[in-house]
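Read through the structure below, which is laid out as structure tokens, and then see the notes.
The values are calculated or read from the model by the stated rules, or taken from the named source; none is laboratory data. Treat the numbers as computed from the prediction; the structure is a model and nothing was measured. With ideal geometry, Cβ positions are generated from the backbone for all residues, glycine too; neighbour counts draw on all protein chains shown. Keep in mind that these areas ignore ligands, DNA and RNA; they rest on the heavy atoms of the full protein, side chains included. Shrake-Rupley method; radii C 1.70, N 1.55, O 1.52, S 1.80 Å.
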Amino acid sequence: MRVIGITGGIGSGKSRVLSFLEERFGAIVCQADRVAWELQEPGEKCYLAITAHFGTGILHADGTLDRASLGQIVFSKEEELLALNEIMHPEVKRSIRKRIEEEEKKGTTLFVLEAALLIEEDYGEICDELWYIYTSEPIRRQRLKESRGYSDAKINAIMASQLSEEVFRRECKRVIDNSGRFEETCAQIEEAIEQLGEK
């Protein structure tokens with residue numbers, strides 16, 4: 001089984017790339033954010049650790065995590081983002097490793113992992129290749145405003161917390177340019193998968 005790690009800055013179009021890999025190649029797609037959400041459900045280990053650190057002010061009335069409130073805290077204070085990462089990332093990685101093992105037993109041929117912190121959390125150790133989905137910053141900003149209604153201030157804060165393009169390019173085996181027509185992106189992915197299969 002081949003394991004590909006997908007990363008890139010916010011607004012780069014990673015979700016569309018994941019959908020293409022799933023539909024075209026039958027890839028099993030695992031998104032670290034969704035794994036994290038499952039681990040943040042009431043009663044789960046990460047949920048208990050988060051509420052112990054950040055308090056109950058980040059909860060909805062029904063006791064579930066208010067991710068918007070938590071996001072406001074961690075994206076405005078670096079030390080709080082670090083604290084959240086220390087709670088979440090070891091557990092997320094443990095869960096993902098388990099999923100990879102399960103899919104390998106099933107005979108899955110392609111497992112795709114998407115994670116914003118793929119590089120920072122050393123997911124390269126469990127992936128055959130890391131791919132950087134590159135999209136120019138003006139296009140990313142436009143997408144985030146149109147699709148999510150983000151303000152410039154919010155976009156600036158999130159982008160400032162992410163790795164630079166230089167680091168993404170240095171750490172990833174492949175760069176998929178998603179700035180143009182999506183058909184061009186698909187052609188790059190097709191070529192990359194073909195080369196991966198030749199190894």
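Test I139 against the stated conditions and say whether it is open to solvent by 40 Å² or more (accessible area, probe 1.4 Å) and among the aliphatic types (A, V, I, L, M).
Values: open to solvent by 40 Å² or more (accessible area, probe 1.4 Å): yes; among the aliphatic types (A, V, I, L, M): yes.
Criteria met by I139.
Could you list, in sequence order, all residues of the range 100-124 that are charged (D, E, K, R), touching a residue at least 40 places away in the same chain (Cβ under 8 Å) and surrounded by fewer than 15 Cβ atoms within 10 Å (Cβ to Cβ)?
As a first pass, look at the range 100-124 and keep what is charged (D, E, K, R): 101-106, 114, 120-122.
When the remaining residues are screened for being touching a residue at least 40 places away in the same chain (Cβ under 8 Å), the result is 103-104, 114, 120.
Selection gives E104 alone.
Residues of the range 158-167 being open to solvent by less than 40 Å² (accessible area, probe 1.4 Å) and closer than 15 Å to F75 by Cβ, which ones? Break it down into steps so the answer makes sense when it comes.
Our first condition is that a residue be open to solvent by less than 40 Å² (accessible area, probe 1.4 Å); within the range 158-167, this holds for 158-159, 167.
Residues satisfying the conditions are I158, M159.
Could you please find all residues in the range 49-71 being within 13 Å of E91 (Cα to Cα) and out of contact with any strand residue (DSSP E or B) (no Cβ under 8 Å at 6 or more places or on another chain)?
Of the residues in the range 49-71, the ones within 13 Å of E91 (Cα to Cα) are 49-50.
Once the filter is applied, which keeps residues that are within 13 Å of E91 (Cα to Cα) and out of contact with any strand residue (DSSP E or B) (no Cβ under 8 Å at 6 or more places or on another chain), the range 49-71 yields only A49.
Would you kindly identify the helices (runs of 4 or more DSSP H) lying entirely within the range 25-118 that contain at least 1 residues that are polar (S, T, N, Q) and farther than 25 Å from I155 by Cβ?
45-54, 78-106
Name every residue in the range 1-26 that is crowded, with 20+ Cβ neighbours inside 10 Å and not β-branched (V, I, T), in order of residue number. Can you show your working first?
The first filter runs over the range 1-26 and keeps only residues crowded, with 20+ Cβ neighbours inside 10 Å, leaving 3-9, 11-12, 14, 17, 21.
The answer is G5, G8, G9, G11, S12, K14, L21.
Could you please find all residues in the range 168-181 being open to solvent by 30 Å² or more (accessible area, probe 1.4 Å), in contact (Cβ under 8 Å) with a residue 40 or more places away in the chain and not in a loop (DSSP other than H, G, I, E, B)? Show your work before the answer.
Restricting attention to the range 168-181, the residues satisfying the condition of being open to solvent by 30 Å² or more (accessible area, probe 1.4 Å) are 169-171, 173-175, 177, 179-181.
Then drop every residue that is not in contact (Cβ under 8 Å) with a residue 40 or more places away in the chain, which leaves 171, 173-175, 177, 179.
Of everything in the range 168-181, those that are open to solvent by 30 Å² or more (accessible area, probe 1.4 Å), in contact (Cβ under 8 Å) with a residue 40 or more places away in the chain and not in a loop (DSSP other than H, G, I, E, B) turn out to be E171, R174, V175, D177.
Go through (1) surrounded by fewer than 11 Cβ atoms within 10 Å (Cβ to Cβ); (2) over 18 Å from the mean Cα position of the chain (by Cα) for L196 and report which single condition fails.
The number of the failed condition is (1).
Out of all the residues in the range 75-82, is one or more under 25 Å from H53 (Cβ atoms), open to solvent by 50 Å² or more (accessible area, probe 1.4 Å) and of a type in the set (G, A, S)? Lay out the reasoning, then the answer.
Here is the first cut: in the range 75-82, the residues under 25 Å from H53 (Cβ atoms) are 75-82.
In the following step, the residues that additionally are open to solvent by 50 Å² or more (accessible area, probe 1.4 Å) were identified as 75-79, 82.
This time we only want the ones that are of a type in the set (G, A, S), so: 76.
Yes - at least one qualifying residue is present in the range 75-82.
Given the criteria open to solvent by 30 Å² or more (accessible area, probe 1.4 Å), hydrophobic (A, V, I, L, M, F, W, C) and in contact with a Cys (Cβ under 8 Å, 6 or more places away or on another chain), does I87 qualify? Spell out the reasoning first.
Working: open to solvent by 30 Å² or more (accessible area, probe 1.4 Å): yes; hydrophobic (A, V, I, L, M, F, W, C): yes; in contact with a Cys (Cβ under 8 Å, 6 or more places away or on another chain): yes.
Yes.
Please go through the range 39-51 and pick out each residue that is without any contact (Cβ under 8 Å) to a residue 12 or more places away in the chain and open to solvent by 90 Å² or more (accessible area, probe 1.4 Å).
Within the range 39-51, just L48 meets the criteria.
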